[in-house]
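Take a look at the structure below.
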């Protein structure tokens, strides 16, 4: 057959022959490896080049057919599993996945971003963390990076560049690094803390403190003290998720201790405040609940 250069021109002459081993898709469940002879050619435009093959990319160690098969598996299976099924190294599969995602994931329209969501998540069984940033309106993930410190997330803001001034609001947990970095690079953005982390912080820093203080006041009454000390989970757990026994326990605790009752009600009202649809509704709720003082 006539050899062609990758540029499309026909070869002037054959420079040399080379043998290559490439992986092909499995046949009846058995791994397939091809030993093929390729030609190094002389091209009037490019010089010495390896001939173009329609079914194999330049320098590739797997055929286009096997690559296509892997791309079909990627949305369905973990990379490690695909490596076991195909016999292809996981690093190669990871690179294929990156190329696939670059083709299917829409490009970020940096100039149109107005509201962001930032969150951290644990990897490697909680020993390390990563940060994900998404467009709050479209829910499109626009950046993921290892770590959760200011230094770790700064590459995103450097990429955002001058568009940072267009950001109106950023939702996040109570990570100080996130807060400080947003203030520096998005001067017009309002910081919005999500309900889950606000309630969790209220539980840790307010409810727990009141519960411990109340338990310490009951040192002379060991039974009542233990009763209060062990109430942590029923006080922090969503009331809708309590079983009958836990609900009864919570009711008794609140009836016997006014300070715990007051703190518990404040936590419930905090959740209600978060569900207000606007600032006006939230203000009316506050005035109705606490009065004008």
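Data for the structure
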{"read-out": "Kirkwood Rh and Cα Rg combined as Rg over Rh, evaluated for region 207-293", "value": "1.07"}
{"read-out": "Alpha carbon centroid spacing (whole Å) that separates region 71-111 from region 1-27", "value": "27"}
{"read-out": "Between helix 150-160 and the chain: long-axis angle, C-alpha atoms, 0 to 90°, nearest 10", "value": "60"}
{"read-out": "Cα-based convex hull volume of region 13-104 per residue, rounded to whole Å³", "value": "112"}
{"read-out": "Folded to 0 to 90 degrees: helix 258-274 orientation relative to the chain principal axis, Cα", "value": "40"}
{"read-out": "Hydrodynamic radius (Kirkwood) for region 101-224, which is based on Cα pairs only, to one decimal in Å", "value": "16.6"}
{"read-out": "Folded to 0 to 90 degrees: helix 176-185 orientation relative to the chain principal axis, Cα", "value": "60"}
{"read-out": "Over the chain: helical MRE at 222 nm, DSSP H runs n ≥ 4 each giving -39500 (n - 2.57), nearest 500", "value": "-13000 deg cm²/dmol"}
{"read-out": "Global geometry of region 60-133, whether rounded, prolate or oblate, following the gyration tensor of its Cα atoms and the 1.5 cut on a/c", "value": "oblate"}
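Every number here is computed from the coordinates shown, using simple stated rules; none is lab data. Model, not experiment: these values are computed from the prediction.
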